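The values are calculated or read from the model by the stated rules, or taken from the named source; none is laboratory data. Treat the numbers as computed from the prediction; the structure is a model and nothing was measured. Heads up, the Cβs are rebuilt from the backbone with ideal geometry, glycines too, and the neighbour counts pull from every protein chain shown.
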Amino acid sequence: MIRCIALVAFFIVSDAIAQVPKAVDIRKSLVRITATSQEQDYKVPWNPGSTTVGVGAGFVIDNNRILTNAHVVSNARFIVVEKEDDPERYPALVQFVGHDCDLAVLRVLDKGFFQNTRSLGFGGIPAIESPVTVYGYPIGGDRLSVTRGIISRIDFQTYTHSAIDSHLAVQIDAAINPGNSGGPVMQDGKVVGVAFQGYSGDVAQNVGYMIPTPVIRRFLKDISGGHYDGYVDLSITYFKLLNPAERHALGLPDNEQGVMVSSVSSEGSSQGILQQGDVLLTIDDHPIASDGFVQLDGERVEMPEIVERKFKDDTVKFGIWRDKTKQTVEIRLKGNWPYLIQANHYDSPPRFVLFGGLVFQPLSKNFIDAYQIEDLRLRYYYDYFVTDEIYKTHPEVVVLSNILPDPVNAYLSDLRFQVVDSVNDKKIRTLEDVADAFAQKSDYYVIHFVGSVRPAVLERSAVEQARDRILGNYNVHKEQYVERGLTH
């Protein structure tokens, strides 16, 4: 399976500094990044988590900034950067981060860091079979290494840092080893990509990926306003119209044009504009082939690539076939928050509420991975959260994730991993609802679960008496963290 590499450089260990082309003095541009990170602990959400140290690469770009991968600096508590031929370690901060595209920009606190540095410019998408040069700091040495590879494929790939976002990626015919991320991939003196992920050796040999410049340029333009809005999405599914009989039944001509909309998300950009059964003929006046590809900048790319290059509140125009007539519609683009339940999340503590020894948490990918959930009901809520529009009734699926055993919650262990439906007849839609329900004064708190007749019942006086005992016995220093839900 694809795996993210959280350290730096590319391909094989090498200290071949002498091989660096004279036209590109990479010493003035490349930086070594050391990040001390604190891993989130979803099983013990009040626990600050263990610390780890990772090494990555970055490079200087315009306006005294450093570009690197998001996964190099995710969950970082302290970051230092180093220049070639300079023994000093400079503290740095994450200025902007895009977890959906695995890119980040760092700001160095000491402005003197940028003396004698050289910012790198960006090129285009390299041609298939063309050579590229990759710079970084692979494991096995502390000094700059340079290696070469050949462009072997340009395609959409899942970016494993978020685990759910797919963007344009460029494949290189060389393996990416541990310690690979953040280094610039160069061609003709210009950056054509950032090394970021590869296959493990038991899956494929000599296969690595870089983030190409269309993705990089989009990220840099997005943050130019002082905030990162992230990617927009049509929030539809569609299928190819390759079958002639199917096209004839729809009244379409035999010109191999168009794909059919199969679903429209109610929280997405296309809701109320596109409909199931619409045939998409053109996008921004680019004809859509029956396999979903369009011609863009002289290349044949998948239709979503046009939307990939747009921003929040931009519009996209479709020519469609509906009721056997041609129509034109325009869509204002935005993100789609329900998809985020299946994305990895970083840079903030796990959200939870602890009450009477019962731990409540919202369902998320981090939660699923931490607990290795196999419960069929929870798997349904997670896997079909978007397609079955579960978010309409449960914007957050709140789960009784754990029970800290105490006399106050005796005999409730069978209710673990149940989905909370209500507390004292108050419907639970978000984790904030749970916190609010327990903040209300009541002699008893009756917690009902989806699909279960048996409730969990806590007596307020007993909970108050047990509070200090539970906090002390389980070394709990914080009873809740409810900020920053997906719906916010």
Filtering segment 239-262 for residues that are surrounded by fewer than 17 Cβ atoms within 10 Å (Cβ to Cβ) and either not charged (D, E, K, R) or not assigned by TED's automatic domain parsing to the domain that holds Thr315 (or both) leaves a count of 12
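Quick check on segment 232-239. Is at least one of its residues among the β-branched types (Val, Ile, Thr) and over 25 Å from Val386 (Cβ atoms)? Explain how you work it out, then say what you get.
Applying the first criterion (among the β-branched types (Val, Ile, Thr)) to segment 232-239 yields 232, 236-237.
Of the ones still in play, those that are also over 25 Å from Val386 (Cβ atoms) are none.
No, there is no match, as no residue in segment 232-239 is among the β-branched types (Val, Ile, Thr) and over 25 Å from Val386 (Cβ atoms).
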Selection status of Ile306, in contact (Cβ under 8 Å) with a residue 12 or more places away in the chain, in contact with a strand residue (DSSP E or B) (Cβ under 8 Å, 6 or more places away or on another chain), among the β-branched types (Val, Ile, Thr) and assigned to a loop (DSSP other than H, G, I, E, B) | no
Quickly run through segment 134-144 and pick out the residues that are in contact with a strand residue (DSSP E or B) (Cβ under 7 Å, 6 or more places away or on another chain) and more than 24 Å from His161 (Cα to Cα).
-> Leu144
Of all residues making up segment 313-352, the number that are of a type outside the set (Gly, Ala, Ser), surrounded by fewer than 15 Cβ atoms within 10 Å (Cβ to Cβ) and at negative phi | 10
Ser119 passes all but one of (1) at positive phi; (2) modelled with pLDDT of 95 or more; (3) not hydrophobic (A, V, I, L, M, F, W, C); which number fails?
-> (1)
Residue satisfying all of: in segment 139-156; in contact with a Phe, Trp or Tyr (Cβ under 8 Å, 6 or more places away or on another chain) and over 14 Å from Gly208 (Cα atoms); surrounded by the fewest Cβ atoms within 10 Å (Cβ to Cβ) among these = Arg143
Taking interchain pairs and intrachain pairs at least six residues apart, which have beta carbon atoms under 8 angstrom, with the first residue in segment 354-367 and farther than 27 Å from Arg460 by Cα and the second assigned to a strand (DSSP E or B) and modelled with pLDDT of 95 or more?
-> Phe367/Gln361; Phe367/Val399; Phe367/Ser401
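Tell me which residues, restricted to segment 374-392, are assigned to a loop (DSSP other than H, G, I, E, B), on the phi < 0 side of the Ramachandran plot and surrounded by fewer than 18 Cβ atoms within 10 Å (Cβ to Cβ). Give the steps one after another, and end with the answer.
Applying the first criterion (assigned to a loop (DSSP other than H, G, I, E, B)) to segment 374-392 yields 374-375, 384-389.
Now drop any that are not on the phi < 0 side of the Ramachandran plot, which leaves 374-375, 384-388.
If the condition is that a residue be assigned to a loop (DSSP other than H, G, I, E, B), on the phi < 0 side of the Ramachandran plot and surrounded by fewer than 18 Cβ atoms within 10 Å (Cβ to Cβ), then Glu374, Asp375, Tyr384, Thr387, Asp388 are the ones that fit.
Consider segment 410-464. How many of its residues are hydrophobic (A, V, I, L, M, F, W, C) and in a strand (DSSP E or B)? First the steps, then the outcome.
Looking only at segment 410-464, we keep the residues that are hydrophobic (A, V, I, L, M, F, W, C), and these are 410, 412, 415, 417, 419-420, 423, 428, 431, 434-435, 437-439, 446-447, 449-450, 453, 456-458, 462-463.
Remaining after also requiring in a strand (DSSP E or B): 419-420, 423, 446-447, 449, 456-458.
Total meeting the criteria: 9.
May I ask you to list the residues in segment 74-119 that are hydrophobic (A, V, I, L, M, F, W, C), assigned to a loop (DSSP other than H, G, I, E, B) and either buried (at least 18 other Cβ atoms within 10 Å of the Cβ) or in contact (Cβ under 8 Å) with a residue 60 or more places away in the chain (or both)?
Going residue by residue through segment 74-119, those that are hydrophobic (A, V, I, L, M, F, W, C) are 76, 78-81, 92-94, 96-97, 101, 103-106, 108-109, 113-114.
From the residues that got through so far, the ones that are assigned to a loop (DSSP other than H, G, I, E, B) too are 101, 109.
Cys101 - this is the single residue of segment 74-119 that is hydrophobic (A, V, I, L, M, F, W, C), assigned to a loop (DSSP other than H, G, I, E, B) and either buried (at least 18 other Cβ atoms within 10 Å of the Cβ) or in contact (Cβ under 8 Å) with a residue 60 or more places away in the chain (or both).
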Leading residue by the ranking (surrounded by the most Cβ atoms within 10 Å (Cβ to Cβ)) among those in segment 393-431 that are touching a helix residue (DSSP H, G or I) at 6+ places or on another chain (Cβ under 7 Å) and acidic (Asp, Glu) = Glu396
